[in-house]
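Peer 1: Quick one: the structure is below, questions incoming.
Values quoted throughout were computed directly from the atomic coordinates according to the rules given, and no laboratory measurement underlies them. As the structure is a prediction and not an experimental result, all values here were calculated from the model. All Cβ positions, glycine included, derive from the backbone under ideal geometry; neighbour counts span all protein chains shown.
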Amino acid sequence: MKLKNIEILVNGISRICQRWHISKLSLFGSVLRDDFTPTSDVDVLVEFEPGFTPGFLKLYQLQEELSACLGKRPIDLVTFKSLNPRIRDHILETAETYYVAER
């Protein structure tokens, strides 16, 4: 799938989300806007399945795997629980969802 600014390997995203117990994955920020540049990172919002909380090193591994599916760009990984309350509503309104786990 070609997003305006990067190529997204949707099948790879799906496999990663299943393996990492991600219930929802969305992109937000400059990757969805015209101010995305060749040096921009990709802002990724994830929500993990209940009861699954990866540690710091695991989150780093997840970022690396996601980068491979998102144009080999640096990833700014944000969890739903860690969203800044001051900008939470804006992020949720503008984010585009690319994976939702089947229930």
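Peer 1: Between Ala101 and His21, what is the label-to-label distance in nm when each label sits 7 Å out along the Cα-to-Cβ direction?
Peer 2: In this crude label model, Ala101 to His21 measures out at 0.8 nm.
Peer 1: If amide H atoms are built 1.01 Å from N in the plane of the peptide, which residues on other chains or at least 5 residues away come under 5 Å of the amide H of Glu49?
Peer 2: Amide H neighbours of Glu49: Ile22, Ser23.
Peer 1: Using θ = phi - 60° and the Karplus curve 6.51 cos²θ - 1.76 cosθ + 1.60, what whole-Hz ³J(HN,Hα) does each residue of the stretch 95-103 get, with Gly and Pro shown as x?
Peer 2: Each residue's phi maps through the Karplus curve to give 5, 10, 8, 10, 8, 9, 5, 6, 10 Hz.
Peer 1: Largest first, please: the extent of the C-alpha atoms of the chain along each principal axis, to the nearest Å.
Peer 2: If we take the Cα atoms of the chain, the spans are 37, 31, 28 Å.
Peer 1: Hey, another quick one. Find out how many positive minus negative residues lie around Val42, taking Lys and Arg as positive, Asp and Glu as negative, among other residues whose Cβ is under 9 Å from that of Val42. Can you show the working numbers first?
Peer 2: Details: positive: Arg73; negative: Asp41, Asp43, Asp76.
Neighbour charge sum, excluding Val42 itself: -2.
Peer 1: Pick from Glu47, Glu93, Glu64: which is most flexible by mean-square fluctuation in a GNM of the chain where alpha carbon atoms under 10 Å apart are linked?
Peer 2: Maximum among the listed residues: Glu93.
Peer 1: Could you tell me the calculated FRET efficiency between Ser30 and Tyr60, based on Cβ-Cβ distance and R0 = 22 angstrom, to the nearest 0.05?
Peer 2: The calculated FRET efficiency here is 0.50.
Peer 1: From the backbone phi of the stretch 65-73, what are the Karplus-calculated ³J(HN,Hα) couplings (6.51 cos²θ - 1.76 cosθ + 1.60, θ = phi - 60°) in whole Hz, Gly and Pro given as x?
Peer 2: Values per residue, Gly and Pro as x: 5, 5, 4, 4, 9, 10, x, 6, 8 Hz.
Peer 1: Divide by every residue of the chain the summed helix terms, -39500 (n - 2.57) for each DSSP H run of at least 4, and state the resulting mean residue ellipticity at 222 nm, rounded to the nearest 500 deg cm²/dmol.
Peer 2: -9000 deg cm²/dmol
Peer 1: Give a quick list of chymotrypsin sites (Phe, Trp or Tyr not before Pro) in the stretch 34-103 that DSSP marks as loop, anything other than H, G, I, E or B, with at most 11 other Cβ atoms within 10 Å. Could the numbers behind the result be given before it?
Peer 2: Details: sites: Phe36, Phe48, Phe52, Phe56, Tyr60, Phe80, Tyr98, Tyr99; in loops: Phe36, Phe52.
Counting only loop positions with at most 11 other Cβ atoms within 10 Å, the chymotrypsin sites (Phe, Trp or Tyr not before Pro) in the stretch 34-103 are Phe52.
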